[in-house]
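See below for the structure under consideration.
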Amino acid sequence: MRESSNPAFSSLTKTVARGQAGAHHYGQGQMGAGYGDNPYQSQVAADYRPMTVDDVVSKTGITLATIIVLAAVNFFIAVSVSTSLAMILTIVGAIGGLITVLVSTFGKKYGSAPVTLTYAAFEGLFVGGISFMFTAPIQGVAAGALIMQAVLATLGVFIGMLFVYKSGAIRVTPKFTRFMSAALIGVLVLMLGNLVLSLFGLGFPLRDGGMLSIIFSLVCIGLAAFSFLIDFDQADRLVRAGAPAQYAWGVALGLAVTLVWLYTEILRLLSYFRD
């Protein structure tokens, strides 16, 4: 199975790929048959049916609903209770979300509902706080309109890339995956470099709202959009590989990571034009 550039998917797909060598069929009443060296044999015994598209849809829906609820809570805190408290929660959400993804990836918590929902809760706090930060200068109805535009644009990109994947207009090949991995690493290096420059008081050249910032945001949005193709391909392969149903939580986590990144970049870009 092709490895994903999404950290939430990469280790999961490696595990399932190893499991395919020993997985020949899911005979009813013989769930253990053919899984002698399958690394997720215990999960199969506990959850005796393979993952379906419906599992992915339902678990992703629950994950996104959790993010939305916590985002609304933190945004309300920022507007009506305490901006300082909301910013603290935003930082906690950002750090907590990163740690949760690392735990899922390196701790092999691939099909853990608590891990995925914990990530969703942290990211909800982050999304709510970052939404307030980008819209604070305008406030009121205009702020709500800006957030709604970002949400609709995110959904539009998601649906559009799903259509592109299903239609086969762009195929996820090993070459495409390697290109995306290299591009994502390049963007990460640029972000870290931008952070280092800011620490030395040299500003945020990639995030100051200038032309370079706009171009960088467009690049990030493009990469996030094309990352969906790899995410969809990995989810499709997991379903066809007969991965345990509970692994749908891992798929939901991977999709949520990309969705949050896309939303924040779109909102950031819209805030540049609003300013």
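Determine which single condition ILE138 fails, assuming it passes every other condition in (1) among the aliphatic types (A, V, I, L, M); (2) outside any helix (DSSP H, G or I); (3) surrounded by fewer than 20 Cβ atoms within 10 Å (Cβ to Cβ); (4) within 19 Å of the chain's Cα centre (by Cα).
(4)
Write out, first by first residue and then by second, each pair whose Cβ atoms fall under 8 Å of each other, whose residues are 6+ apart or on separate chains, and whose first residue, in segment 174-191, is open to solvent by less than 40 Å² (accessible area, probe 1.4 Å) while the second is of a type in the set (Asp, Glu).
Pairs that qualify, where the first residue is open to solvent by less than 40 Å² (accessible area, probe 1.4 Å) and the partner is of a type in the set (Asp, Glu), are THR177/GLU3.
What's the total number of residues in segment 131-160 that are in contact with a Ser or Thr (Cβ under 9 Å, 6 or more places away or on another chain) and closer than 25 Å to LEU229 by Cβ?
Matching residues across segment 131-160 total 2.
Cβ contacts < 6 Å: first residue at negative phi, restricted to segment 248-259; second residue basic (Lys, Arg), any location; separation 6+ or different chain. Result?
ALA248/LYS59; TRP249/LYS59; ALA252/LYS59
Being more than 13 Å from PHE126 (Cα to Cα) and crowded, with 19+ Cβ neighbours inside 10 Å is the filter; apply it to segment 78-108 and report the residue that is modelled with the lowest pLDDT.
THR105
Within segment 21-40, can one find any residue that is of a type in the set (A, V, I, L, M, F, W, C), at pLDDT below 95, surrounded by fewer than 14 Cβ atoms within 10 Å (Cβ to Cβ) and in a helix (DSSP H, G or I)?
Looking for residues that are of a type in the set (A, V, I, L, M, F, W, C), at pLDDT below 95, surrounded by fewer than 14 Cβ atoms within 10 Å (Cβ to Cβ) and in a helix (DSSP H, G or I), one finds none in segment 21-40, hence no.
List the residue pairs whose Cβ atoms are under 8 Å apart, where the first residue sits in segment 195-221 and is in a helix (DSSP H, G or I), the second is open to solvent by 40 Å² or more (accessible area, probe 1.4 Å) and basic (Lys, Arg), and the two are 6 or more positions apart or on different chains.
Note: pairs meeting the criteria are SER213/ARG207; PHE216/ARG207; SER217/ARG268.
Let's see how each residue does on (1) closer than 27 Å to THR173 by Cβ; (2) out of contact with any His (no Cβ under 6 Å at 6 or more places or on another chain); (3) of a type in the set (S, T, N, Q); (4) buried (at least 19 other Cβ atoms within 10 Å of the Cβ):
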{"position": "MET211", "(1), (2), (3), (4)": "no, yes, no, no"}
{"position": "GLY222", "(1), (2), (3), (4)": "yes, yes, no, no"}
{"position": "LEU229", "(1), (2), (3), (4)": "yes, yes, no, yes"}
{"position": "GLN234", "(1), (2), (3), (4)": "yes, yes, yes, yes"}
{"position": "ALA243", "(1), (2), (3), (4)": "yes, yes, no, yes"}
{"position": "VAL260", "(1), (2), (3), (4)": "yes, yes, no, yes"}
{"position": "ARG274", "(1), (2), (3), (4)": "no, yes, no, no"}
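The values are calculated or read from the model by the stated rules, or taken from the named source; none is laboratory data. Bear in mind that the values here come from a model prediction, so they are computed numbers and not experimental data. Here Cβ is always computed from backbone atoms with ideal geometry, including for glycine, and neighbour counts include all displayed protein chains. Areas reflect the complete protein model, heavy atoms only, side chains present, ligands, DNA and RNA absent. Shrake-Rupley method; radii C 1.70, N 1.55, O 1.52, S 1.80 Å.
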